[in-house]
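The values are calculated or read from the model by the stated rules, or taken from the named source; none is laboratory data. Since the structure is predicted, the reported quantities are computational estimates derived from the model, not experimental observations. When we count neighbours, we look across all protein chains shown, and the Cβ atoms used for this are built from the backbone with ideal geometry, even at glycine. Areas reflect the complete protein model, heavy atoms only, side chains present, ligands, DNA and RNA absent. Shrake-Rupley method; radii C 1.70, N 1.55, O 1.52, S 1.80 Å.
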Amino acid sequence: MPKLAVYDMTNSKVGEIELGAEIFDVEMNEGLVHQAVVMQMASWRLGTHSTKTRGLVRGGGRKPWRQKGTGRARAGTRRSPLWRGGGTVFGPHPRSYAFRMPRKQRRLALKCVLTDKVKSDNLIVLDDLKFDAPKTKKFVEFQKSFGVDNCKALFITKEQAENVTLSANNLRNAKTITALELNVYDILNCEKIFLTKDAVAKIEEVYV
C-alpha cells in the first residue's frame, strides 16, 4: 500500500496515511484513460449545428418550367440541392455527441490517473481544508505555503465546502470539487492534487 505524509494547511507534517492499493496503486492503462477523456469532452459538445434540407428551404412551391418542350432538363422545384439556394444533402443536424463507457472501465481509468499522481509525487494529503470565511487572500497564502500558487492545482474535499469554493473561485489556477465529482479530465488537467483525509476515505468507500 502506498504511504503518504499528511500535512496541515501550513505545510507542516502532522502524520501519515496508507492509501488503498486497489485505487492508488493499479497498473496504468493509457488507452482506457484516453477513452475516458474523449467521453467526457464529447459530452460537452453542444451539437447545435444545423443545415436545411430541401423541405426546410423557403420557396420552391411552383414548378420552374413545364416538363417538356423547353429543351432544358426537367425540374420540379427551385429548392433542389442541385440549385443555388437549394437544400443541403446529408448536412449536419442537431445531435448529441455523448457516449457511455461501462462503469468498471470508467472507474479503472480514474484509478489509473490517481495512481499516476501518487507515483509522480503530485498528490498531497491534507489533514483538513477549511476557512472561517470566504477569503481569496487566505487561499493564496495557503497555496504559497505549498508552492503551488503558480501552477494548476485541484482541491478535493469530502463534501461541498462553501468557504473553500468561494475563496478559490477567482483564481485561474485553482479548482475545487468534492470526492463524488472526481473525474479523469480534472485530474489530468492539473499539476498537483490536494486531498483531505476525509476525501480519501470517501473515495476508497465509493470507488473500490
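The table below lists the values:
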quantity: Some residue of the range 113-134 being within 23 Å of the chain's Cα centre (by Cα), open to solvent by less than 30 Å² (accessible area, probe 1.4 Å) and of a type in the set (Ser, Thr, Tyr); calculated: yes
quantity: Candidate set: the range 135-152, residues that are open to solvent by less than 50 Å² (accessible area, probe 1.4 Å) and out of contact with any helix residue (DSSP H, G or I) (no Cβ under 7 Å at 6 or more places or on another chain); chosen: the one farthest from PRO2 (Cα to Cα); calculated: VAL140
quantity: Criterion violated by THR77 - all others in (1) touching a residue at least 24 places away in the same chain (Cβ under 8 Å); (2) farther than 30 Å from GLN160 by Cβ; (3) open to solvent by less than 40 Å² (accessible area, probe 1.4 Å) satisfied; calculated: (1)
quantity: The range 53-74, subset small (Gly, Ala, Ser) and under 51 Å from the mean Cα position of the chain (by Cα), residue nearest to GLY91 (Cα to Cα); calculated: GLY55
quantity: Candidates THR176, THR196, filtered to the one that is farther than 21 Å from VAL14 by Cα, surrounded by 20 or more Cβ atoms within 10 Å (Cβ to Cβ) and not hydrophobic (A, V, I, L, M, F, W, C); calculated: THR176
quantity: Test result for GLU18, touching a residue at least 12 places away in the same chain (Cβ under 8 Å), within 30 Å of GLU141 (Cα to Cα) and open to solvent by 70 Å² or more (accessible area, probe 1.4 Å); calculated: yes
quantity: Some residue of the range 2-14 being open to solvent by 30 Å² or more (accessible area, probe 1.4 Å), among the acidic types (Asp, Glu) and in contact (Cβ under 8 Å) with a residue 40 or more places away in the chain; calculated: yes
quantity: Failed condition for PHE90, given (1) within 25 Å of PHE194 (Cα to Cα); (2) open to solvent by 70 Å² or more (accessible area, probe 1.4 Å); calculated: (1)
quantity: Residues (in a helix (DSSP H, G or I) and open to solvent by 80 Å² or more (accessible area, probe 1.4 Å)) located in the range 31-56; calculated: HIS34, MET41
quantity: Criterion violated by MET101 - all others in (1) open to solvent by 20 Å² or more (accessible area, probe 1.4 Å); (2) part of a loop (DSSP other than H, G, I, E, B) satisfied; calculated: (1)
quantity: Verdict on GLY69 being exposed (fewer than 14 other Cβ atoms within 10 Å of the Cβ) and modelled with pLDDT under 90; calculated: no
quantity: Condition broken by CYS112, with the remaining ones in (1) closer than 30 Å to ASN163 by Cβ; (2) hydrophobic (A, V, I, L, M, F, W, C); (3) in a helix (DSSP H, G or I) satisfied; calculated: (1)
quantity: Any hit, the range 105-123, residues being closer than 27 Å to ALA201 by Cβ, touching a Lys or Arg at 6+ places or on another chain (Cβ under 8 Å) and among the aliphatic types (A, V, I, L, M); calculated: yes
quantity: Those residues of the range 16-30 which are among the small types (Gly, Ala, Ser) and either assigned to a loop (DSSP other than H, G, I, E, B) or under 12 Å from ARG106 (Cα atoms) (or both), in sequence order; calculated: GLY20
